[in-house]
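Heads up: the structure comes next, in structure tokens.
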Amino acid sequence: MDDTPGAAFDDTEVEADGFRIRYREAGSGRPLVCLHGGGGLRLSRAHDILARDRRVIAFEAPGFGNSPLNERSRNMGELAATMNLAVAALGIERYDLMGTSFGGKLALSMALERREPVGAVVLISPAAIRINPTPDIGPHTLHRHPDSPEARRDPVPPDVHARQRALSARLLGPPRDAAFENRLATLDVPVLALFGTEDTITPPEGARLYRQVLPDCHLMLVYDAAHAIDADRPEALAEVVGDFLARHGKFLVRQESDLVHP
């Protein structure tokens with residue numbers, strides 16, 4: 001049996017907004033739409049765990065991976081509109097969103113552009129509001145333990161890496177965007193923002209900004225994790241995310257207390 005992260009996910013494509021968009025899917029249940037970071041689509045054991053109870057759909061945004069160069073998407077809002085059309089093309093009516101780093105801003109932009117079908121949003125090391133404008137990105141900053149098998153798995157070819165970094169930098173925009181943050185203040189959807197305690201790319205010191213801007217935001221610090229929380233602490237991430245998606249604001253309170261049910 002192949003225990004490589006994402007081995008159980010099917011690889012498929014969908015036509016949307018003039019793009020042919022790749023996605024990987026596994027599981028059944030309420031859909032969880034996943035948006036990757038600036039390094040492209042990369043599944044972890046956290047995705048495998050979440051797929052035990054959810055229909056997990058991980059998209060590869062146009063311009064990432066081996067897809068053609070994307071010069072059409074001029075900003076994050078336009079990419080969000082494209083990705084919302086991709087979700088709609090799959091016939092999904094209600095779903096949750098989970099975005100990592102670059103994908104965090106994309107997830108929030110998608111929810112702003114089309115609020116009705118979104119139940120909740122999970123942000124992993126989000127880059128939507130940044131206090132570090134020029135982070136040093138590499139294996140030594142992405143992972144808490146750069147020599148781990150997960151950190152050394154399937155390196156991205158240099159040409160693809162350069163193209164993805166240029167596209168993500170262009171679409172992310174400035175570290176702080178007053179107009180975008182003003183719109184976030186109107187987003188009445190439960191949001192969970194997770195930060196690794198060892199993250200130097202989107203450091204946990206910036207977590208307070210999400211609580212200040214978003215009206216219904218819950219924060220969680222994940223110990224012994226750098227930027228790639230889903231790779232560094234997959235079980236911890238999946239447990240917290242699964243609980244939050246099931247119970248939203250009540251996710252920190254156990255449903256069955258040992259005191260009530262000894």
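The values are calculated or read from the model by the stated rules, or taken from the named source; none is laboratory data. Note that this is a predicted model, so its numbers are computed, not measured. Methodologically, a virtual Cβ is constructed for each residue, glycine included, from the backbone with ideal geometry; neighbour enumeration extends over all protein chains shown. Accessible surface is based on the protein model in full, side chains and every heavy atom, while ligands, DNA and RNA are left aside. Shrake-Rupley method; radii C 1.70, N 1.55, O 1.52, S 1.80 Å.
General remarks:
- When the chain is treated as a GNM with alpha-carbon contacts under 10 Å, the residue of 32, 69, 106 showing the greatest mean-square fluctuation is 69.
- Counting only DSSP beta bridges with both residues in the stretch 1-108, the antiparallel share comes to about 55 percent.
- Once the C-beta distance of residue 247 and residue 81 is scaled by a Förster radius of 25 Å, the resulting FRET efficiency is 0.25 to the nearest 0.05.
- Span per principal axis, largest first, for the Cα atoms of the stretch 45-195 (Å): 42, 38, 31
- For residue 16, the residues whose modelled amide H falls within less than 5 Å of its own, excluding neighbours fewer than 5 places apart on the same chain, are 21.
- Portion, in percent, of the accessible area of the chain that falls on carbon or sulfur, probe 1.4 Å: 51
- Protein-only accessible surface at a 1.4 angstrom probe places the residues 130, 115 in the order 115, 130, largest first.
- Kyte-Doolittle at least 0.0, axis length at least 18 Å by Cα - qualifying DSSP helices, the chain: 76-89, 234-247
- Kirkwood radius, the stretch 107-250, all distinct C-alpha pairs, inverse of mean reciprocal distance: 16.1 Å.
- Using a cutoff of 8 angstrom between alpha carbon atoms and counting only pairs six or more residues apart, the relative contact order for the stretch 1-122 works out to 28 percent.
- Ordering 40, 85, 5 by the projection of their Cα atoms onto the charge dipole of the chain, which places +1 on the Cβ of Lys and Arg and -1 on the Cβ of Asp and Glu, puts 85 at the extreme positive end.
- Ligands, DNA and RNA aside, residue 240 has an accessible area near 30 Å² when probed at 1.4 Å.
- Rolling a 1.4 Å probe over the protein chains gives residue 200 an accessible area of about 80 Å².
- Extents of the chain, taken as max minus min of Cα coordinates on every principal axis and listed largest first, are 59, 44, 38 Å.
- Counting DSSP beta bridges with both ends in the chain, the antiparallel % (nearest 5): 35
- Once the mean of 1/r is taken over each pair of separate Cα atoms and inverted, the stretch 1-90 shows a Kirkwood hydrodynamic radius of 13.6 Å.
- Surface calculation, 1.4 Å probe, protein heavy atoms: residue 13 sits at approximately 90 Å² accessible.
- Cα Rg, Dmax (largest Cα-Cα span) when computed across the stretch 215-255, Å: 11.0, 30
- Rounded accessible area per residue of the chain, 1.4 Å, Å²: 48
- Average Cα contact separation per residue, the chain, under 8 Å, 6 or more apart, as relative contact order %: 18
- Label zone at residue 113, where the point sits 7 Å out along the Cα-to-Cβ direction: the stretch 158-184 residues whose backbone N lies under 18 Å: 167-174, 179-184
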